[in-house]
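Right, one structure below, let's go through it.
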Amino acid sequence: MPDTWKQRLAAWKQRFRAFGKATFSVAVALVGIAGVGAGAFAIYFYWNWLNPVIMGNNPEHLRNLILMTAGLITFIISIWRAQIADKQAKASNIQAEATIEQIKIAAQSQITDRFTRAIEQLGKSGDDILFLRIGAIQALERIGNDSLGDLPAVIRLLAGFSRQTSIAWYESIRNQEGQVVVTPLDVAEAVRALARLNDKHLEFLREQEIFIDLSRACLQRLDLPNSNLSGFDFGSCNLSNANLNNANLSDAKLWNANFSNASFWGANLSRANGLIPNFSNAILWYANFSNTSLMGANFNNAKLPHANLSKAILDDVNFSSATLGDANLSNASLRNANLSNAYLQATDLSGANIEYINSDMEPMNPQEEMSKLLSEIKYDKDNPPVNCPEGVELPPPRDG
């Protein structure tokens, strides 16, 4: 028998079974109704013929019997219809789940296509397609927001693009005279996209222990005000002349990073850590460095008025010619720090370790020079600086 006839026969068998089930259900319901009616009639017959005295004295019994029978039949029909409705609801739920699964598969397929196209566009080089690459970066950012499963791949891709492209670009122009070093537009957009993704999905990224790696990237004059750069790895990164006002760099890695001439007005660098980062000539008004570890950092000629460096580890740091007026260095460690020519008026050094060696002092009387340097500092009388250099006289404690 051909396969088509077999298939037709199987289909007819399936229809017959379905018809049989439906007919059986209807038959059962009719038999139930008939049984209820027969029972009601038997009861009526009993009361009407075998017990005529009662029926005669109370004719409402018949009416009550009829109402009871009708109610019982209605109850049975309701149960039957409820069972049918329940089966239909279960079938609808199964169909809905299948539809949702199909939608998910279609959406994932669409995301995969978008991801592939964005990578192809991002990999193209040349100034003539600069905005095509920027569009690809924005598309990848949307994919990262739409699909958390693809977010780690998006972050690795954008971070890798930022590092490799910026390094190659810097190598191509570094020896050109008169060239203004400004981060390319596509790299700048990639870094900003990473900052936005980091801000929106910070909790998820920390749970997955995903940190954004921009180490060794060349990001000079990059504009990143109010950006969330928490946890970023800026190791050996060049951010000279960058605008980082009010940026969040908490928990960032700053190993050997170059922030010279950068602006950090109101930035948060709490719990950041790194060796020998360069903040020379940087503007750091109201910056928060509390609990940071910045051993060997260079703050030469940096502006740090009202900055918070409480409990920071600043051993071997160069603060020469830095402005530290009204800065908070309470309980900071400043072993061997260089504070020559620093401005320390109203600087809070309460509880700080200020045992340091200032190589620029005249060897004839370094204690006198250090006492002069510290003559305007502020500290609590109950919490004076600790480990002061021998022979150095501190000014009286100041209020506030």
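The values are calculated or read from the model by the stated rules, or taken from the named source; none is laboratory data. Every value quoted in this text rests on a predicted model; they were computed, and no experiment measured them. Every residue, glycine among them, receives a Cβ derived from its backbone with ideal geometry; neighbour counts consider all protein chains shown. SASA here: full protein model, heavy atoms, side chains in, ligands and nucleic acids out. Shrake-Rupley method; radii C 1.70, N 1.55, O 1.52, S 1.80 Å.
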Could you identify the single residue in Gly325, Gly266, Gly296 that is over 26 Å from Pro384 (Cα atoms), at pLDDT below 95, assigned to a loop (DSSP other than H, G, I, E, B) and not hydroxyl-bearing (Ser, Thr, Tyr)? Gly266
All but one of (1) in contact with a Gly (Cβ under 9 Å, 6 or more places away or on another chain); (2) surrounded by fewer than 22 Cβ atoms within 10 Å (Cβ to Cβ); (3) under 17 Å from Lys378 (Cβ atoms); (4) among the small types (Gly, Ala, Ser) hold for Ala332; state the number of the condition that does not hold. (2)
Test for Ala153: is it farther than 16 Å from Gln220 by Cβ and small (Gly, Ala, Ser): yes
Given (1) over 27 Å from Asn226 (Cα atoms); (2) small (Gly, Ala, Ser); (3) in contact (Cβ under 8 Å) with a residue 12 or more places away in the chain, index of the condition Ala168 fails: (3)
Could you count how many residues in the range 249-295 are at positive phi and touching an Asp or Glu at 6+ places or on another chain (Cβ under 6 Å)? 1
Given the structure, is Glu101 on the phi < 0 side of the Ramachandran plot, modelled with pLDDT of 75 or more and part of a helix (DSSP H, G or I)? no
Being in a helix (DSSP H, G or I), in contact (Cβ under 8 Å) with a residue 12 or more places away in the chain, touching a helix residue (DSSP H, G or I) at 6+ places or on another chain (Cβ under 8 Å) and surrounded by fewer than 20 Cβ atoms within 10 Å (Cβ to Cβ) narrows Asn145, Asn198 down to just Asn145
Only one residue in Leu284, Leu344 is at pLDDT 90 or above, under 22 Å from Asn268 (Cα atoms) and crowded, with 23+ Cβ neighbours inside 10 Å. Which one? Leu284
Which condition from (1) touching a Ser or Thr at 6+ places or on another chain (Cβ under 9 Å); (2) open to solvent by 30 Å² or more (accessible area, probe 1.4 Å) is the one that Ser166 breaks? (2)
Please work out if Leu72 is at pLDDT below 75, open to solvent by less than 60 Å² (accessible area, probe 1.4 Å) and at negative phi. no
Look at the range 214-262 and say how many of its residues are over 17 Å from Ile283 (Cα atoms), open to solvent by 50 Å² or more (accessible area, probe 1.4 Å) and in contact with a Lys or Arg (Cβ under 8 Å, 6 or more places away or on another chain). 3
Would you call Gly235 assigned to a loop (DSSP other than H, G, I, E, B) and under 21 Å from Lys311 (Cβ atoms)? no
Just to be sure I understand the filter: pairs with C-beta atoms under 8 Å, separated by 6 or more residues or on different chains, first member in the range 368-379 and at pLDDT 85 or above, second member buried (at least 22 other Cβ atoms within 10 Å of the Cβ) and acidic (Asp, Glu). Which pairs pass? Ile377/Asp348; Lys378/Asp348; Tyr379/Asp348
For the range 174-195, enumerate the residues that are part of a helix (DSSP H, G or I) and either touching a residue at least 60 places away in the same chain (Cβ under 8 Å) or open to solvent by 20 Å² or more (accessible area, probe 1.4 Å) (or both). Leu185, Glu189, Arg192
From the list Phe279, Phe289, Phe319, Phe299, which one is crowded, with 24+ Cβ neighbours inside 10 Å, closer than 24 Å to Arg163 by Cβ and not small (Gly, Ala, Ser)? Phe279
